[in-house]
Amino acid sequence: MKTRKNEILTTAICSFILASIITVLKLWIKDFYLKTYTLPFTLLLVGFLFLTFYLKAEKNKKALILLIPILLILGSYFIPIALSNKVINVFIFPLVISIFFLSYLNKKYELNRHFWKCIFKLFPNKLLENLKELSIFKKKKERKINTSKIANICIGCIIGIPIAFIILSLLTSADQYFNSFIDTLLAFLHNSEKWDTILNNLLKILFYFIIIFNIYRNASKSKKEKQNNEIKTKDVNETIIKTILLIINMVFILFLISEISKLTINFLELPTEYTYASYAREGFFQLLFVTVINFVIITYVLYYTNTLDKSKNIKRHLLVLIIFSIILIFNAYYRMFLYMYEYGFTILRLQVILFLLMEFILFCICIKKICFHLKMKDSLLFMSVILTTYIVNLYLCIEPFINFLNKIFLK
């Protein structure tokens, strides 16, 4: 009990100090992105590492590898990253730091396909339960009567406040001087900017304290929780899956025939006049969206159904769909490079190229999954590819690098 009490006390003190520092620094810092994103998460990370060191918690040293992407994402503040990446950071970073917090204190922690839910395991999960832990500093007798005491206070307020208002109104009408005093006091409380600022900052400290304390307590408790890594798959009718995949593959066969005809001798003898300029300009983002749809279908069949083990035909259909998806990726690459050769690079165009490269790697992983199975955890591999691509995007998709590429490739 003493150890648990010390742990809760240390966590509470650390959370309060961090909440106070964040509130004070936000008053001085004008940069919106720094004070609302980079600063709070940096202090949250520093506080967590301090707590684990001070409390001598059992650690999973393998999780320290996640500090590399965490620090790289935080460090992106010091380069002129695109606004779109700043927005994505707001979603990506909480996910990565949540996985780090949970895995650092739990040696048995494993990523699964629901890893995106990690954020909610830290906040607001068990919010009331964690706040109740602060009552551990009261004496046992006080804790027993705590509930009834709160109820009695509420009843007292319900009765006492109306009576106080009646007495106050009678006294103010009976004594003009007292009335002026009350008016002055109310005007001060209502109009004083300093009072509003103090009250506002106290509420902010309380708000940040609740969030930080809850995150730290949930991270600490994660080491005791047993993780359910059992993968549940759905029984989906094989005929339905085969039919869907067959129809989709037939559409891609037609598209492939059309592309070959368009780029060669027009053996389909279609009257549409076509130039490489119009070919490069059209349909790029539609192709990108199609590859995303294909990836969703493939991963669903692979990881959310059990039909793959039952039918070799579904494996073949999936492999054909993956091959068509890779062809679409190269088609999109070809169109984009033709276009950029004339009009140059932009941040969006480079981001799309990196996204297509990431998709190509993920499709290759799916091929290996279908044909040879994977030796390492699929979720870890997928997350590593996505996270690496995203960090490359952070540091390459900036105006100075875009200008450098345009100087090299543009005539």
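Assorted remarks:
- Extension gain from Ala164 to Ile68, taking 0.36 nm per residue of separation minus the Cα-Cα distance: 28.5 nm
- With all protein chains in place and ligands, DNA and RNA left out, the 1.4 Å accessible area ranks Leu134, Leu122 as Leu134, Leu122, largest first.
- Nearest-0.05 FRET efficiency for Ile13 and Tyr33, computed from C-beta distance (R0 30 Å): 0.55
- With every protein chain in place and a 1.4 angstrom probe, the accessible-area ranking of Asp175, Asp235, largest first, reads Asp235, Asp175.
- Cβ-derived FRET efficiency at R0 56 Å, Asn406 paired with Ser311, nearest 0.05: 0.65
- The overall shape of the range 1-126 is oblate: from the C-alpha gyration tensor, with semi-axes ordered a ≥ b ≥ c, the ratio a/c is 1.5 or greater and a/b is no larger than b/c.
- Prolate/oblate/rounded label for the range 338-404 (Cα gyration tensor, a/c 1.5): oblate
- Gain in span if fully extended, Asp183 to Asn201, counting 0.36 nm per residue against the direct Cα distance: 3.9 nm
- Rounded to the nearest 10 Å², the accessible area of Ile244 at probe 1.4 Å: 80 Å²
- Computed from the C-beta positions of Leu319 and Asn125, the FRET efficiency with R₀ = 56 Å rounds to 0.90.
- Using a probe of 1.4 Å on the protein chains alone, the accessible area found for Arg316 is around 140 Å².
- Given their separation in residues at 0.36 nm each and the Cα-Cα distance between them, Cys364 and Leu380 gain 4.2 nm when the chain is fully extended.
- By a 1.4 Å probe calculation restricted to protein chains, Leu357 has an accessible surface near 80 Å², given to the nearest 10.
- Cα-centre dipole for the range 1-121 with unit charges at Cβ (Lys and Arg positive, Asp and Glu negative), debye to 20: 380 debye
- Kirkwood Rh and Cα Rg combined as Rg over Rh, evaluated for the range 1-71: 1.05
The values are calculated or read from the model by the stated rules, or taken from the named source; none is laboratory data. Just so you know, these numbers come straight off a predicted model, no measurement behind them. Here Cβ is always computed from backbone atoms with ideal geometry, including for glycine, and neighbour counts include all displayed protein chains. Protein only, heavy atoms only, side chains kept; ligands, DNA and RNA dropped before computing areas. Shrake-Rupley method; radii C 1.70, N 1.55, O 1.52, S 1.80 Å.
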